[in-house]
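*Asks:* Sharing a structure here in structure tokens format.
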Amino acid sequence: MFRMLLIKIPPIPFGVRYVSRSSPEVDSIIRVDHAGELGADRIYAGQMAVLGRTNVGPLIQIMWDQEKEHRAKFEELINKYRVRPTALVPIWNIAGFVLGAGSALLGPKAAMACTMSVESVIVDHYNDQLRTLMSDPEANKELLQVIQKFRDEEQEHHDTGRDQGAEQAPFYRVLTETIKFGCKAAIAISKVI
């Protein structure tokens, strides 16, 4: 279980400075999306650690595999655009796993409520970013395509959570509102730190 918690984080040599190849808005978008996809990857890892051998395990695995692809793409974009990753990567690594495992310990419906909560915030967040990037669609073409695709997949995850009975989870309203608040706070912090 603990082996799943550890991920490889590329070391940043002491004194290295990132000199971005993009605008401050694009830097912020890539930084926060990289952090968010890392967090999503770890949430599903936590859920799989608890529920992987249950009847919802294969469904969680499908969503996790998509999140791994999202994360890999934003790791590629972080390097391509030379964007400084958030300094909070180690915290989001642990917090994501704890959120995923913790919600799964409450049962499959609570895990799906977690998924639904996170993905609803992310879909809104991606829509806001798409509106920002449309200010120069030609210059932002690659990022627009990536975010549109990922937004649609996150919406599918949200709908899957709903279809799996997320709204019947114990303490649904408190659980989902708390998770949404945490996601929004993580987005705001990751944009700047």
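*Asks:* Which angle between 0 and 90 degrees, to the nearest 10, do you get for helix 108-133 versus the longest principal axis of the chain when only C-alpha atoms count?
*Replies:* Tilt relative to the chain: about 20 degrees.
*Asks:* Are there GluC sites (Glu not before Pro) in region 113-193 that DSSP marks as loop and that have at most 12 other Cβ atoms within 10 Å, and which are they?
*Replies:* Counting only loop positions with at most 12 other Cβ atoms within 10 Å, the GluC sites (Glu not before Pro) in region 113-193 are E138.
*Asks:* Moving to a separate point now. Under a 1.4 Å probe, what is the accessible area of region 35-137 per residue, stated in Å²?
*Replies:* 40 Å²
*Asks:* Right, next: Grab the DSSP H runs of the chain that are 4 residues or longer, score each as -39,500 (n - 2.57), total them, divide by all residues and round the 222 nm result to the nearest 500 deg cm²/dmol.
*Replies:* Helix-only estimate at 222 nm: -25500 deg cm²/dmol.
*Asks:* Give the accessible area for V26 in Å² (nearest 10); use a 1.4 Å probe, count only protein heavy atoms, and leave out ligands, DNA and RNA.
*Replies:* It works out to around 10 Å².
*Asks:* For K73, give me every one of the lysines with a C-alpha distance below 20 angstrom, ignoring sequence neighbours fewer than eight places off in its own chain.
*Replies:* Result set, ordered by chain and number: K8, K141, K149, K191.
*Asks:* Size of the dipole of the chain about the Cα centre, Lys and Arg at +1 and Asp and Glu at -1 on the beta carbon, nothing else charged, in debye to 20?
*Replies:* For the chain, the charge dipole is close to 720 debye.
*Asks:* What figure in square angstrom, to the nearest 10, would you give for the accessible area of R84 with a 1.4 Å probe?
*Replies:* For R84, the solvent-accessible surface is approximately 90 Å².
The values are calculated or read from the model by the stated rules, or taken from the named source; none is laboratory data. Note that this is a predicted model, so its numbers are computed, not measured. Note that each Cβ is placed from the backbone with ideal geometry, even for glycine, and that neighbours are counted across all protein chains shown. Just so you know, the surface numbers come from the protein's heavy atoms only, side chains and all, with ligands and any DNA or RNA stripped out. Shrake-Rupley method; radii C 1.70, N 1.55, O 1.52, S 1.80 Å.
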